[in-house]
Amino acid sequence: MRGSITAVPPLLGDLTQDLGMSRSTAGLLTSLPVLCFALAAPLSATLGRRLGAGHAVMLGLALILVGTAGRVLDGAPVLFLGTAVIGLGITIANILVPVVIKRDFGSQAGRVTGYFVATMAVGATMTSALAVPLAGWLQWRGALAAWALLVPVGMVGWWLHVTRHERIERRDPAAGTSRAGLATHTPAAGASHSDGYVWRIPLAWAVALAFGSQSALFYSMTTWLPSLLVDRAGISTGAAGVALSIYQITAIPTALTVAGMCRWRPSQGWLGVTLAGTWLVFIAGLLLVPGLWPVWSVLGGLAQGGGFTYVLTLLVLRGSDEHVVRALGSMAQLVGYLIAAAGPFVAGWLAQVSGGWTAPGFLFIGLAVTLAVMSLIAGRDETVHAPVR
């Protein structure tokens with residue numbers, strides 16, 4: 001799902017030249033989807049209630065397809081509109097895929113979440129690495145639109161899973177419940193039909209703030225890691241691009257393993273603190289010994305891949321059933337992506353006004369400390385329950 005976003009940064013130079021946009025305006029193409037992740041979160045949860053999570057995710061994939069293919073058909077306004085449509089589609093999937101995982105995979109939900117995150121990391125790495133070569137062959141419009149060809153493959157796979165689940169339920173309505181240990185379509189007896197209750201629960205706020213600090217670190221470093229290395233380590237822009245690729249690809253091992261590590265103990269706070277500590281070493285290394293940037297890029301990749309799996313797994317583990325996971329996911333992603341959308345902007349502003357990367361570094365350190373503290377709370381062996389009427 002990230003591919004439609006991560007294909008853009010390598011092509012910003014071509015975009016600005018062809019469309020006559022300033023660099024700051026072109027930069028909005030990467031921050032706009034993140035803002036959509038926050039603002040469209042409540043709508044995504046509503047669609048999940050109205051259509052069912054599986055069918056709503058199909059709608060999200062269709063929006064990604066339309067936005068990816070259509071954003072290159074005209075000038076800058078259409079490009080921004082298509083990017084917003086992509087952001088809406090990704091938001092729906094971000095919120096509701098964990099709901100389906102909770103519903104359909106039960107005790108294996110953490111492992112499946114890891115596969116989900118690893119797949120996104122592979123897609124992000126592939127689109128980042130191939131964007132420039134594709135642009136040399138197809139121009140920037142073709143390079144961006146080409147990734148629409150992959151979306152129907154995902155839609156077919158998702159549709160097969162959804163229809164299989166529905167066939168199982170028609171044959172045996174209790175099968176889905178017994179497999180995942182929860183109801184599959186209707187709220188539990190006495191549960192609230194409104195998702196607003198999660199905003200009054202401290203545990204939900206801890207999950208949301210952990211999600212926000214992790215997301216802000218990821219998007220801030222994805223945006224500014226190349227510039228930071230060019231300034232601090234004195235490397236070329238090409239080498240900085242290599243560092244960013246390392247940062248993306250090394251997310252895969254921890255994306256696959258952290259979900260399993262979440263099952264080692266009833267509480268997951270220790271794991272969140274460990275990941276936050278990895279973020280801190282990564283940040284400190286960039287600031288103090290930037291010449292070792294290959295090492296720090298690997299550490300950053302391990303931190304961000306594991307961190308994203310960790311916070312998504314928290315959403316699944318802290319929700320008592322699929323309906324609470326949907327409500328918790330909506331709240332966490334609204335709060336979290338508002339923080340994430342602000343992170344790259346604030347870091348860039350601090351770098352500009354201070355003339356260096358020390359001030360942004362303290363911002364990144366603060367986010368990592370927040371992740372550690374919130375993980376100690378959100379990682380407790382507790383669950384959020386819907387209120388009983």
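The values are calculated or read from the model by the stated rules, or taken from the named source; none is laboratory data. From a predicted model like this one, the values you see are computed outputs, not experimental measurements. Positions of Cβ are backbone-derived with ideal geometry, glycine not excepted, and every protein chain shown enters the neighbour counts.
One table, with the values for the structure above:
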read-out	value
Residue check, residue 145 modelled with pLDDT under 80 and under 25 Å from the mean Cα position of the chain (by Cα)	no
First in segment 162-174 and closer than 17 Å to residue 102 by Cβ and surrounded by 15 or more Cβ atoms within 10 Å (Cβ to Cβ), second anywhere and of a type in the set (Lys, Arg) and modelled with pLDDT of 70 or more, Cβ under 9 Å, 6 or more apart	165/103
Filter result (of a type in the set (Gly, Ala, Ser) and outside any helix (DSSP H, G or I)) within segment 320-356	320, 355, 356
Any pair with Cβ under 6 angstrom, 6 or more apart, that starts in segment 64-84 at a residue that is free of Cβ contacts under 8 Å to residues at least 40 places away in the same chain and ends at one that is of a type in the set (Phe, Trp, Tyr) and buried (at least 19 other Cβ atoms within 10 Å of the Cβ)	none
Candidates 52, 60 - the one that is crowded, with 18+ Cβ neighbours inside 10 Å, out of contact with any strand residue (DSSP E or B) (no Cβ under 8 Å at 6 or more places or on another chain), under 22 Å from residue 336 (Cα atoms) and modelled with pLDDT of 80 or more	60
Some residue of segment 90-100 being part of a helix (DSSP H, G or I) and either among the charged types (D, E, K, R) or touching a strand residue (DSSP E or B) at 6+ places or on another chain (Cβ under 9 Å) (or both)	yes
Condition broken by residue 370, with the remaining ones in (1) at pLDDT below 90; (2) part of a helix (DSSP H, G or I) satisfied	(1)
Failed item, numbered, when residue 324 is tested on (1) farther than 21 Å from residue 33 by Cα; (2) of a type outside the set (Gly, Ala, Ser); (3) out of contact with any strand residue (DSSP E or B) (no Cβ under 7 Å at 6 or more places or on another chain); (4) surrounded by 18 or more Cβ atoms within 10 Å (Cβ to Cβ)	(3)
Boolean, residue 138 is under 30 Å from residue 251 (Cβ atoms), modelled with pLDDT of 75 or more, loosely packed, with under 14 Cβ neighbours inside 10 Å and over 25 Å from the mean Cα position of the chain (by Cα)	yes
Test: residue in segment 76-86 that is within 27 Å of residue 160 (Cβ to Cβ), modelled with pLDDT of 90 or more, in a helix (DSSP H, G or I) and not aromatic (Phe, Trp, Tyr)	yes
Of all residues in segment 366-381 being surrounded by fewer than 17 Cβ atoms within 10 Å (Cβ to Cβ) and touching a residue at least 40 places away in the same chain (Cβ under 8 Å), the one that is farthest from residue 222 (Cα to Cα)	381
Residues of segment 44-75 satisfying the condition of being part of a helix (DSSP H, G or I) and among the β-branched types (Val, Ile, Thr)	46, 57, 64, 66, 68
Criterion violated by residue 264 - all others in (1) out of contact with any Leu (no Cβ under 6 Å at 6 or more places or on another chain); (2) aromatic (Phe, Trp, Tyr); (3) buried (at least 16 other Cβ atoms within 10 Å of the Cβ) satisfied	(3)
Conditions (1) crowded, with 20+ Cβ neighbours inside 10 Å; (2) within 16 Å of the chain's Cα centre (by Cα); number of the one not met by residue 342	(1)
Near pairs, Cβ below 6 angstrom, 6+ apart or cross-chain, from segment 196-209 (on the phi > 0 side of the Ramachandran plot) to any residue that is surrounded by fewer than 18 Cβ atoms within 10 Å (Cβ to Cβ) and at pLDDT 90 or above	none
Residues satisfying the stated conditions in segment 76-108, i.e. surrounded by fewer than 21 Cβ atoms within 10 Å (Cβ to Cβ) and among the small types (Gly, Ala, Ser)	76, 84, 106, 107
